[in-house]
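Scroll down for the structure; my scribbles are underneath it.
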Amino acid sequence: MKKKWDIKDESFFGIGVYQPKTEHNIGTLWRSAIILGASFIFIIDGKYKPQTSDTQKTWSKIPFYRYDDFDHFYGTLPYSTQLVGVEMDSNSQSICTFAHPLRAAYLLGAEDNGLPQAVVDRCHHLIQLPGESSLNVAVSGSLVIYDRVQKWELKQ
Ligand SMILES: C[S@@+](CC[C@H](N)C(=O)[O-])C[C@H]1O[C@@H](n2cnc3c(N)ncnc32)[C@H](O)[C@@H]1O
């Protein structure tokens, strides 16, 4: 008999940053990511060395991918996985009404310049958090993951 999969068996997510600048911030994001259930983490066109802010040593527990550029990353997105850009943009949907895809890769922008338009244009979804001013990148990523987790848990 065909197994009936639980929704949790068919979902996963990863989170990463495009051209990250402050490694300490990124360590903080990795810490949230693994504690809240990420399956992979990544950076695109940036450097990262293990930071004390990543108390979980996330890189030792789930894959940490490093991509040379956006095309490299996009070409290796896991099968059936939607790219969710996280950015304050006139085309962004509020996260409050967003239904997270079962399989998602969340992409945040650099601390100084955010996500460039060319990257924004290639995201399957674009979401933004409430507020008039931009938040810290690690805080933004942590809030996005929290939103995903609490929405899926309400559905169980
Ligand atoms: C410090 S912000 C970049 C600010 C940059 N000076 C700008 O205006 O685009 C770094 C990243 O955090 C995320 N971010 C910050 N505030 C956000 C918000 N309200 N909604 C969605 N993403 C946010 C985005 O991914 C953004 O690229």
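The values are calculated or read from the model by the stated rules, or taken from the named source; none is laboratory data. Every value quoted in this text rests on a predicted model; they were computed, and no experiment measured them. Quick reminder, even Gly has a Cβ in these numbers, built from the backbone with ideal geometry, and neighbours come from all protein chains shown. Accessible surface areas use protein heavy atoms only, side chains included; no ligands, DNA or RNA. Shrake-Rupley method; radii C 1.70, N 1.55, O 1.52, S 1.80 Å.
Calculated accessible area for the chain comes out at 56 Å² per residue, all protein chains present (probe 1.4 Å; ligands, DNA, RNA ignored). Qualifying chymotrypsin sites (Phe, Trp or Tyr not before Pro) in the range 76-156, where qualification requires a DSSP coil assignment and no more than 16 other C-beta atoms within 10 Å, comprise 79.
Determine which lysines satisfy two conditions relative to residue 8: a Cα distance under 22 Å, and not lying fewer than 8 residues away in the same chain. Reachable lysines: 61, 151, 155.
Taking the accessible area of the range 7-155, probe 1.4 Å, and keeping the other protein chains in place, the carbon and sulfur fraction comes to 50%.
Normalised by the number of residues in the range 7-155, what is the relative contact order in percent for Cα pairs under 8 Å and 6+ residues apart?
On the way: 253 pairs, mean separation 42.9, N = 149.
Taking the mean separation of contacting Cα pairs over the length of the range 7-155, I get 29 percent.
Taking the charge dipole of the chain about its Cα centre, with +1 at Lys and Arg Cβ atoms and -1 at Asp and Glu Cβ atoms, the residue from 109, 149, 92 reaching farthest to the positive side is 149.
For the residues 125, 100, 24, a 1.4 Å probe over the protein chains yields an accessible-area ranking, largest first, of 24, 125, 100. Computed about the Cα centre, the dipole magnitude for the chain is approximately 800 debye when only Lys and Arg (+1) and Asp and Glu (-1) carry charge, each at its Cβ.
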